[in-house]
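Notes to accompany the following structure.
The values are calculated or read from the model by the stated rules, or taken from the named source; none is laboratory data. Computed from a predicted model, the values in this text were never measured in an experiment. With ideal geometry, Cβ positions are generated from the backbone for all residues, glycine too; neighbour counts draw on all protein chains shown. These accessible areas exclude ligands, DNA and RNA; they are computed on the full protein's heavy atoms, side chains included. Shrake-Rupley method; radii C 1.70, N 1.55, O 1.52, S 1.80 Å.
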Amino acid sequence: MAFQIPRGTQDILPGEVERWQYIENTARELCKTYQYKEIRTPIFEHTELFARGVGESTDIVQKEMYTFEDKKGRSITLRPEGTAAAVRAFVEKKLFANPQQPTKLYYIGPMFRYERPQTGRFRQFVQFGIEAMGSNDPAIDAEVISLAMALYEKLGLTKLKLIINSLGDAESRKAHRDALIAHFEPRIDEFCSDCQHRLKQNPLRILDCKKDRDHELMETAPSILDFLNEESKLYFEKVQQYLTSIGISYEVDPGLVRGLDYYNHTAFEIMSDAEGFGAITTLCGGGRYNGLAKDIGGPETPGIGFALSIERLLAALDAEGVKLPIDQHIDCYIVTMGDKAKDMSVSLLYNLRKAGLTVEKDYEDKKMKAQFKAADRLNARFVAVLGDDEIEKNIISVKNMETGTQEEVSIDELVSYLSK
Ligand code: HAM
């Protein structure tokens, strides 16, 4: 029986992986300019971390986690997202004690959610995310949002839409929560069983329900923006002022509630506006989570971050027809004729590679014409031809594939010739 890849996962093959590497490198360089440092946390964590961190009432925790018992009976979960683990590490490794605050972290790695696979939705996907912990300055909210926008723009996306909202502080949320319960409770039996649970557990989640999204009460539901207290309102205004000051346009959408429980104050999503983009247009999501560190047993620490998947980023690039400037050349292909040349090419290649050049040769005893074809396929800048005659004269014939000119070079000087 031939095996097949599990549903909702992908093999990223050579030819495609270069785009991933290009995006990852661009993200890393960008993080450097913004001074976010990489953190690598385990692929799995104790299930309780996500239950408490992401929230019991979320779809992620209720339906989408890959949870299993290890051999000692501990409940383990493949991470469905990166924030809970970053905050866990921040608390556990006491990163808050570092004099340089806020702690600014980034990660790139696979996340796992048992969702129904479709275009742009996978069961294993790679998130690039950043988290800034320890600052309550709205300037950091603008910084986090601007880093996400900068990445997309650097990669060449232009059709982007940023939507923002404020979920307010604890007091504002409590007032909004009471209003939501009063709004939905009299007719809650018209809603799905999930929403009936959500009513008391976390009524905000009702607004995010996929099944009941067309119910008339959804549209008339009380808006969080009407319940923000003075402090929350001022905070949100300041975030908007900073976004405007750096030329980032946005839309305020009071319906943006996000699918994870840890958010308060700023919440945002970046969508693709490109024509022909699939049904799922959200490229990036994030927001503030000032209560999360405390919820998982640490000191009260404000935090904000975002995550975006490389899969959806690639889909957006395709939808906009953006080609990444990936260098597909090799420096030199060594064509050999005869056994002596074949033997000699081994050390020649070794020395060229040691000098940092990208080189290839034939390993299948191909005819000369086929070797030239291979050089072509690999986009070789130079093709160096080595035969018995050349070896005798200690030369190698080097052809510049761009100009078509050919030169004879001493074998000992090939490295320095090509390095130029
Ligand atoms: P999230 O909205 O669940 O937030 O996911 C963030 C991003 O991950 C989405 O916008 C999307 O690009 C990508 N994503 C999510 N699920 C899938 C999937 N099944 N297939 C492909 N891509 C997917 C979080 O994960 C939060 N931890 C973000 C955050 C960081 N908030 C604060 N800090």
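Within the range 298-327, the set of residues being of a type in the set (Gly, Ala, Ser) and either within 13 Å of the ligand (Cβ to nearest atom) or open to solvent by 20 Å² or more (accessible area, probe 1.4 Å) (or both) comprises 303, 305, 307, 309, 315, 316, 319, 321. From the list 85, 51, the one residue that fits, being in the same structural domain as residue 304 (by TED's automatic domain parsing), among the small types (Gly, Ala, Ser), touching a strand residue (DSSP E or B) at 6+ places or on another chain (Cβ under 7 Å) and on the phi < 0 side of the Ramachandran plot, is 85. Just one of the listed residues (327, 331) is part of a loop (DSSP other than H, G, I, E, B) and not small (Gly, Ala, Ser), namely 327.
Select from the range 373-391 the residues that are closer than 18 Å to residue 409 by Cβ and part of a helix (DSSP H, G or I) and write down the one among them that is most open to solvent (accessible area, probe 1.4 Å). Explain how you work it out, then say what you get.
Keep residues of the range 373-391 that are closer than 18 Å to residue 409 by Cβ, which gives 375, 380-391.
Add one more test, that the residue is part of a helix (DSSP H, G or I), and what stays is 375, 388-391.
On the way: 375: 1, 388: 72, 389: 111, 390: 31, 391: 40 Å².
Checked the range 373-391; the qualifying residue most open to solvent (accessible area, probe 1.4 Å) is 389.
Scanning the range 237-260 for residues that are open to solvent by less than 40 Å² (accessible area, probe 1.4 Å) and either more than 22 Å from residue 104 (Cα to Cα) or modelled with pLDDT under 95 (or both) yields 256, 257, 258, 259, 260. Of all residues in the range 328-346, count the ones that are out of contact with any Asp or Glu (no Cβ under 8 Å at 6 or more places or on another chain) and surrounded by fewer than 16 Cβ atoms within 10 Å (Cβ to Cβ). Total meeting the criteria: 4. Criterion applied to 28, 7, 40 was being in a loop (DSSP other than H, G, I, E, B) and under 16 Å from the mean Cα position of the chain (by Cα), and the one residue passing it is 40. Inspection of the range 122-129 finds a residue satisfying the criterion of being assigned by TED's automatic domain parsing to the domain that holds residue 309, among the polar types (S, T, N, Q) and closer than 20 Å to residue 62 by Cβ.
Need at least 3 residues that are open to solvent by less than 40 Å² (accessible area, probe 1.4 Å), out of contact with any Gly (no Cβ under 6 Å at 6 or more places or on another chain) and within 13 Å of the ligand (Cβ to nearest atom) per element, so show me which strands (runs of 3 or more DSSP E) inside the range 49-132 make the cut, counting only ones lying wholly within it.
Numbers: elements: 66-69, 75-78, 103-112.
Qualifying strands (runs of 3 or more DSSP E): 103-112.
Looking only at the range 164-190, count how many residues are open to solvent by 10 Å² or more (accessible area, probe 1.4 Å) and aromatic (Phe, Trp, Tyr).
Restricting attention to the range 164-190, the residues satisfying the condition of being open to solvent by 10 Å² or more (accessible area, probe 1.4 Å) are 169-171, 173-175, 177-179, 181-183, 185-190.
Applying the additional criterion that residues be aromatic (Phe, Trp, Tyr) yields none.
Going through the range 164-190 one residue at a time, the tally reaches 0.
Looking across the range 133-163 at every residue that is part of a loop (DSSP other than H, G, I, E, B) and under 18 Å from residue 20 (Cβ atoms), the one that is most open to solvent (accessible area, probe 1.4 Å) is identified as 156.
For residue 408, are the conditions met, namely being surrounded by fewer than 12 Cβ atoms within 10 Å (Cβ to Cβ) and outside any loop (DSSP other than H, G, I, E, B)?
Values: surrounded by fewer than 12 Cβ atoms within 10 Å (Cβ to Cβ): yes; outside any loop (DSSP other than H, G, I, E, B): yes.
For residue 408, the condition - surrounded by fewer than 12 Cβ atoms within 10 Å (Cβ to Cβ) and outside any loop (DSSP other than H, G, I, E, B) - is met.
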